Amino acid sequence: MDRDGDGPSLDRRNFLAGVGSAGAALVAGCTSRAKKDQFELEGDIEISGSSTVFPLAEAVAEQFMINYPEVNISVKSTGSGGGFENHFCPGASQFNNASRAITDGERDLCGENGVEPIELTVATDALTVVANNNANWLDCLTVNELRQVWSRDGPETWAAINEDWPDEPIKRFGPADTSGTFDYFREAVLGEEHDHAKDYEPTEKDNLIVQGVQGSEFATGYFGFSYYYNNPDSVTAVPIDDGDGCVEPSVKTAKNGEYTPLSRPLFTYVAKDALAEEHVAEFARFYIEQSGNQELVADRVGYVPNTEAAVQSQLETLEAALEEVS
């Protein structure tokens, strides 16, 4: 498997080709800082990592490039693990988005290359389980049922889990094992006692998961809430019952703590030494400031924004790192 993945990407050329009046209106309120500062930044920024965090990083990068036309930001969707292994830790990208925390092994790899990752929380996600729109029989899944669906040693048919369900093979579509979503799902749902199913179609592209689920009434998949939020008619989100009744994934249920165990923090990691470059430091600040932007994070992308306190806490973490490299 190609651990780089081949997901979507954003850079200045395709951003400028695609931005329209709606995008201009969204960023209009974010240009005052650039005008107030009365200086121009320039340089390139490479962002790798999570397909889940990609739409948020893409939206923030679009805003920043309007504010600072001489900065070019390239955002690539490589998967959290693929980004750490092939881009960030080797020093090829200044930022790596992740839908789970960096592992000890990844920190060691970064250390071997002289890269010190600074962890910044940028949003909260409601990881979403989806089904075919014709699967009216699948109106909710308990965590135990979800575990059976995705366990390597689990049943092969839906009826083997629930006798009221069709006696048809389960067709599974999900993220590749380079994905932080894969890692988080394995930890939160399967636990240490169960391995993740191998009999499924892995990909770093959420749209391919959707296409697979659309192809069969007996298919299911999972990915970050943002893709479902922006494509709500493509597939059906399955409510999850963690013991207190069925709860649908949403910005609201992730924010208020009802949607468990699939609510999770989303991160970006910045290479500490890269913060010595002014345009990288300013973008890192901007990213954190925008993490509390309700219109961008929730209304546009579909994640839970950071609270004011969380934004301030992350800025303090960033400023501490900046002081050490200045």
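The values are calculated or read from the model by the stated rules, or taken from the named source; none is laboratory data. In this text the structure is predicted, and so the values were computed from the model without any measurement. Quick reminder, even Gly has a Cβ in these numbers, built from the backbone with ideal geometry, and neighbours come from all protein chains shown. For accessibility, only protein heavy atoms count, side chains too; no ligands or nucleic acids. Shrake-Rupley method; radii C 1.70, N 1.55, O 1.52, S 1.80 Å.
Structure summary
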{"item": "Rounded to 5, percent antiparallel among DSSP beta bridges of the chain", "result": "60"}
{"item": "Answer label, with Kirkwood radius over Cα pairs in Å calculated from the coordinates and candidates [x] 22.0; [y] 20.3; [z] 19.4", "result": "[y]"}
{"item": "Heavy-atom accessible surface of the chain: percent carbon and sulfur, 1.4 Å", "result": "43"}
{"item": "Nearest-10 value in Å² for the accessible area of HIS279, using the 1.4 Å probe", "result": "10"}
{"item": "Amide proton proximity set for ASN97, modelled H, under 5 Å, gap of 5+", "result": "SER48, GLY49, SER50, TYR269"}
{"item": "Estimated vicinal HN-Hα couplings, Hz - the range 211-219 in sequence order (Karplus 6.51, -1.76, 1.60; Gly, Pro = x)", "result": "4, x, 5, 5, x, 8, 5, 9, 9"}
{"item": "Accessible area per residue in Å² at 1.4 Å probe, computed on the chain", "result": "44"}
{"item": "Chymotrypsin sites (Phe, Trp or Tyr not before Pro) within the range 59-94: DSSP coil, no more than 13 neighbouring Cβ in 10 Å", "result": "none"}
{"item": "³J(HN,Hα) computed for each position of the range 243-249 - Karplus, 6.51 cos²θ - 1.76 cosθ + 1.60, integer Hz, glycine/proline x", "result": "x, 10, x, 6, 10, 7, x"}
{"item": "Estimated 222 nm signal from helices in the chain, with DSSP H stretches of n ≥ 4 weighted -39500 (n - 2.57), rounded to 500", "result": "-9500 deg cm²/dmol"}
{"item": "Built amide H within the under 5 Å cut-off of GLY302, gap 5+", "result": "none"}
{"item": "Candidates per trypsin sites (Lys or Arg not before Pro) in the range 107-178, loop by DSSP, up to 12 other Cβ within 10 Å", "result": "ARG152"}
{"item": "For GLY174, distant residues with modelled amide H under 5 Å away", "result": "GLU201, THR203"}
{"item": "Cross-link partners of LYS252 among aspartates and glutamates (Cα-Cα below 19 Å; sequence separation of 8 or more within a chain)", "result": "ASP125, ASP241, ASP242, ASP244, GLU295, ASP299, GLU308"}
{"item": "³J(HN,Hα), Karplus 6.51/-1.76/1.60, whole Hz, each residue of the range 309-325, x for Gly, Pro", "result": "5, 5, 4, 4, 5, 5, 5, 5, 4, 5, 4, 4, 5, 5, 4, 6, 9"}
